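Here the structure comes first, spelled out in structure tokens, and everything after it is commentary.
Please treat every number below as a calculation from the coordinates, not as lab data. These numbers come from a predicted model, not from an experiment. Here the Cβ is made from the backbone with ideal geometry for all residues, glycine too, and neighbour counts use every protein chain on show.
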Amino acid sequence: MAVELLLDTGAFVALVDRSEKRHDDCVAALDAWTGPIVTTEAVLTETLYLVGPQWRAQRVCLEFILRGAFQLVPSSPKSLQRVAVLMERYRNVPMDFADATLVVLGEELETE
């Protein structure tokens, strides 16, 4: 069974935005990765917001999903219940919605 790589917003933005400090590191890491790369709709939404309103940057984000480079995993009602539990538990950190969806996805996929 293949091990999945969870893609967070920071790495997603760095992949798209060449001016990001970690752009080259993220590109190199993903070039070297041979397994599936998964993310959530919340991470995609947050990434689209952070790259700004320029269609070109947003299109690059969407193309990663549309061409199958990243698998977009939707949240189920059960996973959203777990998201709510985590956001409440870590409200003082705080844990935002996108981060919580990735934690739950990791739990569901049993990633380390």
Open item on the list: Net charge within 14 Å of LEU86 by Cβ-Cβ distance, Lys/Arg positive one each and Asp/Glu negative one each, not counting LEU86 itself?
Closed with: -1
Task: Net charge, THR9 excluded, C-beta distance under 10 Å - Lys, Arg +1, Asp, Glu -1 - done: -4
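Sort 14-24, 28-38, 43-53, 99-109 for me by packing, meaning the mean count of neighbouring Cβ atoms within 10 Å per residue, highest on top. Could the numbers behind the result be given before it?
Values: 14-24: 14.8, 28-38: 12.4, 43-53: 17.5, 99-109: 19.2.
The peptides rank, most packed first, as 99-109, 43-53, 14-24, 28-38.
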Open item on the list: If you scale each eigenvalue of the Cα gyration tensor by 5 and take the root, what three semi-axes come out for the chain, rounded to whole angstrom and sorted largest first?
Closed with: 23, 17, 13
Task: Amide H contacts of LEU5 (H built 1.01 Å from N, under 5 Å, at least 5 apart or other chain) - done: ILE37, VAL38
Open item on the list: Compute the helix-to-body angle for 41-50: its Cα long axis versus the longest principal axis of the chain, expressed 0 to 90° and rounded to tens.
Closed with: 50 degrees
Open item on the list: Multiplying the sequence separation of GLU41 and GLU63 by 0.36 nm and subtracting their Cα-Cα distance, what value in nm do you get?
Closed with: 6.5 nm
- [ ] Kindly provide the helix-only [θ] at 222 nm of the chain, computed as the sum of -39,500 (n - 2.57) over DSSP H runs of four or more divided by all residues, to the nearest 500 deg cm²/dmol?
- [x] -18000 deg cm²/dmol
TODO: List every residue whose amide H lies under 5 Å from the amide H of VAL73, counting only residues 5 or more places away in sequence or on a different chain, with H placed 1.01 Å from N in the peptide plane.
DONE: THR39, THR40, GLU41
Open item on the list: Taking loop as defined by DSSP and a crowding limit of 10 other beta carbons within 10 Å, which trypsin sites (Lys or Arg not before Pro) in the range 29-87 fit?
Closed with: ARG67
